[in-house]
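**Student:** Let me give you the structure first, and then I'll get to my questions.
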Amino acid sequence: MSPKNIIFKKMSKDKSVAVYMGKRDFVDHVNSVEPVDGVVLIDPELLKGKKAYVALSCMFRYGRDDMDVLGLSFRRDIYLSTRQIYPALQDKKQCTLTKVQEKLLRKLGDNAYPFFFEFPDNLPCSVGLQPAPKDVGKHCAVEFEVKAFSAESQDAKVRKRSTVHLMIRKVQFAPEKTGPAPSMSITRDFLMSDKPLHVEASLEKQTFYHGEPIHVRVNINNESNKSVKNLILSVDQIATVVLYSNDSYMKSVDLLESEEYLEAGEKMEKVYTLLPLLANNKKRRGIALDGKLKHEDTNLASSSVIKEGVLKEVLGILVSYRVTVKLIVGGLVGTSEVGLELPFQLMHPKPDSVKESEEEEMVFEEFKRANLKGMKEDEEEGNISAGEP
């Protein structure tokens, strides 16, 4: 049996234009981003003399669509690039095509036209803040979309029935080379104590993969005359909305409270395990998540890796992680806290590259929200044709 090559397809309600794409995740390698490519199939008779266009856009939403006030939309367009594909401005034979595009053009015929976009290097990755369980509609998120439509001109009013939207994602994977394993130590002096308290904490490495346990080594040397009454460890997610407000949201996505008790003069060395998972934070509003497609489950947002020299103000939502180790120290008069932080990266591993084969069988996967459990058809999303062309 020949290997299968999934092709995502979607057609407008009036069937004048349809989009075909070989993938919907595009990798940001920091120094470069994978280009967005695909094929648009048009029906000249249904176009009725109109032109066909395809657009790549990046938008930042910071409110629900139904929260528009006085005609002001709670969204900001970060990037928009539009190309005319029909009538074609360039001979298809002169275009540089990917193997997927070549196979699609052979299969779809003369009314299929390729498109190609390059991402600017200063666009954010797909990320959003998790709404509360009872919230509805779209919320604070960075989203990417490929849109094909037919119209009299690029600036003319476009009918929804003549438009097809396909959400895509811009993603980052863990770098092949990472920095040193995080380690930090602190020495705390106390009043009425001749000697201090020493605390050291470290991680095994700088980058962890989603779903991978994080082992935290904690070394305490209590030379003071105080006692350590409790030890609290947490994985903190910091999401900074830099585009419009520079607000930061710190959420603990995993917490471990250990009732360690160290008397004055005692030592302790122990390894604790933390496991940050979305499954344990499903109902918490404001947790940053990787962008979603087709409303399927996603994961905690990956750490943001920024190209040097790029202005952070245009990057939407920046995400970082740290392990916090906090000691509750008691004495004759009240308690005090001794804490330290270990920043780390939480990301997906880079997937193994798959070589394209001429023998691969193309399998067309229709994208339709109405087919998803519990979802009603979205009027803006358009419709999909049944079966292959």
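**Student:** Answer with yes or no whether Val323 is assigned to a loop (DSSP other than H, G, I, E, B), within 19 Å of Pro180 (Cβ to Cβ), modelled with pLDDT of 85 or more and not polar (S, T, N, Q).
**Tutor:** no
**Student:** Can you name every residue in the range 182-221 that is under 30 Å from Pro351 (Cβ atoms) and open to solvent by 80 Å² or more (accessible area, probe 1.4 Å)?
**Tutor:** Of everything in the range 182-221, those that are under 30 Å from Pro351 (Cβ atoms) and open to solvent by 80 Å² or more (accessible area, probe 1.4 Å) turn out to be Glu204, Tyr209.
**Student:** I'd like the full set of residues that are open to solvent by less than 10 Å² (accessible area, probe 1.4 Å), more than 30 Å from Leu123 (Cα to Cα) and of a type in the set (A, V, I, L, M, F, W, C), limited to the range 222-244.
**Tutor:** Val228, Leu231, Leu233
**Student:** Suppose we filter the range 63-89 for residues that are modelled with pLDDT under 75, loosely packed, with under 13 Cβ neighbours inside 10 Å and in a strand (DSSP E or B); how many remain?
**Tutor:** 2
**Student:** For the range 34-41, check the following and say yes or no: at least one residue is in contact (Cβ under 8 Å) with a residue 12 or more places away in the chain, under 20 Å from Phe364 (Cα atoms) and in contact with a Pro (Cβ under 6 Å, 6 or more places away or on another chain).
**Tutor:** Yes.
**Student:** Could you check the range 160-180 and list, in sequence order, the residues that are assigned to a strand (DSSP E or B) and aliphatic (A, V, I, L, M)?
**Tutor:** Val164, Leu166, Met167, Ile168, Val171 - these are the residues of the range 160-180 that are assigned to a strand (DSSP E or B) and aliphatic (A, V, I, L, M).
**Student:** Okay, next question. Answer yes or no: is there a residue in the range 90-108 that is within 30 Å of Val242 (Cβ to Cβ) and at pLDDT 85 or above.
**Tutor:** No: zero hits.
**Student:** Hey, another quick one. Could you please give the count of residues in the range 161-187 that are at pLDDT 90 or above, more than 30 Å from Phe8 (Cα to Cα) and not aliphatic (A, V, I, L, M)?
**Tutor:** 5
**Student:** Same structure, new question: Can you tell me how many residues in the range 12-48 are surrounded by 14 or more Cβ atoms within 10 Å (Cβ to Cβ) and within 16 Å of Phe115 (Cα to Cα)?
**Tutor:** 17
**Student:** Follow-up. Restricting to the range 169-188, give me the number of residues that are out of contact with any Gly (no Cβ under 9 Å at 6 or more places or on another chain), touching a residue at least 24 places away in the same chain (Cβ under 8 Å) and not hydroxyl-bearing (Ser, Thr, Tyr).
**Tutor:** Count: 11.
**Student:** Give me the strands (runs of 3 or more DSSP E) completely within the range 182-268, filtered to those with at least 2 residues that are in contact with a Ser or Thr (Cβ under 8 Å, 6 or more places away or on another chain) and farther than 26 Å from Leu300 by Cβ, ordered by residue number.
**Tutor:** Passing ranges, in order: 197-203, 227-241.
**Student:** Looking only at residues in the range 249-303 that are charged (D, E, K, R) and closer than 26 Å to Lys205 by Cβ, which one is most open to solvent (accessible area, probe 1.4 Å)?
**Tutor:** Lys267
**Student:** Okay, next question. If you check Pro124, Pro120, Pro131, which single one turns out to be open to solvent by 40 Å² or more (accessible area, probe 1.4 Å) and under 30 Å from Val241 (Cβ atoms)?
**Tutor:** Within the list Pro124, Pro120, Pro131, the selection yields Pro131.
**Student:** So which residues in the range 1-11 are under 17 Å from Phe116 (Cβ atoms) and open to solvent by less than 10 Å² (accessible area, probe 1.4 Å)?
**Tutor:** Ile7
**Student:** Of Val164, Val146, which residue is within 24 Å of Gly49 (Cα to Cα), touching a residue at least 40 places away in the same chain (Cβ under 8 Å), in contact with a Leu (Cβ under 6 Å, 6 or more places away or on another chain) and surrounded by 22 or more Cβ atoms within 10 Å (Cβ to Cβ)?
**Tutor:** Criteria check complete, one pass: Val146.
**Student:** Have a look at Leu315, Leu346, Leu342 and point out the one that is modelled with pLDDT under 85 and open to solvent by less than 60 Å² (accessible area, probe 1.4 Å).
**Tutor:** Matching residue, one of Leu315, Leu346, Leu342: Leu315.
**Student:** For the list (1) free of Cβ contacts under 8 Å to residues at least 60 places away in the same chain; (2) under 17 Å from the mean Cα position of the chain (by Cα), I need the number of the one condition that Val305 fails.
**Tutor:** (1)
The values are calculated or read from the model by the stated rules, or taken from the named source; none is laboratory data. All of these numbers come straight from a predicted model, not from anything done at the bench. Here the Cβ is made from the backbone with ideal geometry for all residues, glycine too, and neighbour counts use every protein chain on show. Note: areas computed on protein heavy atoms with side chains; ligands, DNA, RNA excluded. Shrake-Rupley method; radii C 1.70, N 1.55, O 1.52, S 1.80 Å.
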